[in-house]
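Since the structure comes first, as structure tokens, the remarks are kept for the end.
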Amino acid sequence: MSPKPNKATVSPSLRAFGKRFRSYREAKGWTQEAVAARANNGAGVKYQYIGAIENGRTRCSREFTEIMDRELNAGGELIALWQDLVKDAAFPTWFDWHIVENEALELTSYSLNLVHGLLQTPEYAEVLLYGDKKAVDGRMKRQEVLVRNEPPPPNCLFLIDEGVLIREVGRPEIMAEQCDALIDAISRKVTVQVVPMRGDHQGNISAFTLALLPDRRELAYTECAARGFTMEDADDINTQRQVLREIQSLALPVKQSIELIHQIKAGRWT
């Protein structure tokens, strides 16, 4: 089940579009699963994605809307509403990025300074969140996306700068456990690759995550001290993809990454 929308952070225009979308679906007597199966010219999407659209928790593409307008016999109304309500609607900011994680087909992340939140141990997260138990519990809850059965977890690639492994967070014991957790994640079919620490590549600007959504849209997320930024402009996404290609070309293969994590744990944290 998708997380319950937070009305303070859901765009009113997206919610209005979703309400009308739902009315067309219900008029046909279709379930969310039935509509999902008709998306992408029959390729389909997860039914949770339909729920996210109807609750105003995510934006859909014009291409997706055109197909749904045809399938739901909306006579062009959904396309017009998309133009008025969705095209320029503000996408939810960092507070709702967990919704993007939950709906994504693929997640590709580069961590420059800290372990990605989806891979953090509770103790590591507790240090970063200053002991806020509610915040730590929320972060651990997010990690369920990696181990769920239905829908299947997103395909994930985590690129981690070597500096992340040698930057102490809390105590040596916490770092040792975090190293073990990264290796355990690899055993659970999550791809983790270490990027050797160097200063001559574009990845040193910031950490970021790219998400591929069911309607094939891509979103990028990065953050600063004040808040996070969600981007979907094509030029911004292309720039992030270029940076990602450079970083990935420098990353160690998974087997060598595991060996390096073991070496750093043994030499620095035990």
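All of the numbers you see were taken from the coordinates with simple rules; none came from a lab. As the structure is a computational prediction, the values presented were derived from the model and not from experiment. Note that each Cβ is placed from the backbone with ideal geometry, even for glycine, and that neighbours are counted across all protein chains shown.
Quick notes on this one:
- In degrees, nearest ten, helix 12-28 long axis to first principal axis of the chain (Cα): 60 degrees
- Both the radius of gyration and Dmax for the stretch 71-180 are 18.6, 63 Å, in that order, over alpha-carbon atoms.
- Between the helical axis of 62-71 and the longest alpha-carbon principal axis of the chain there is an angle of about 40 degrees.
- Using alpha carbons only: equivalent-ellipsoid semi-axes of the chain, gyration tensor based, whole Å: 37, 18, 17
- Highest mean packing comes first when the peptides 28-34, 192-198, 107-113 are listed by Cβ atoms within 10 Å, giving 107-113, 192-198, 28-34.
- Residue-averaged [θ]222 nm for the chain, counting only DSSP H segments that reach four residues, each worth -39500 (n - 2.57): -13000 deg cm²/dmol
- Its relative contact order, with pairs defined as Cα atoms under 8 Å and 6+ residues apart, puts the stretch 12-86 at 38 percent.
- DSSP bridge orientation in the chain - percent antiparallel, rounded to nearest 5: 55 percent
- The angle between the Cα long axis of helix 133-142 and the main principal axis of the chain comes to about 70°, on a 0 to 90 degree scale.
- Computed 3J(HN,Hα) for the stretch 181-189, one whole-Hz value per residue from the Karplus formula 6.51 cos²θ - 1.76 cosθ + 1.60 where θ = phi - 60°, is 5, 5, 5, 5, 4, 4, 5, 9, 6, glycine and proline marked x.
- Of every Cα-Cα pair in the stretch 198-270, the percent that sits beyond 19 Å: 52 percent
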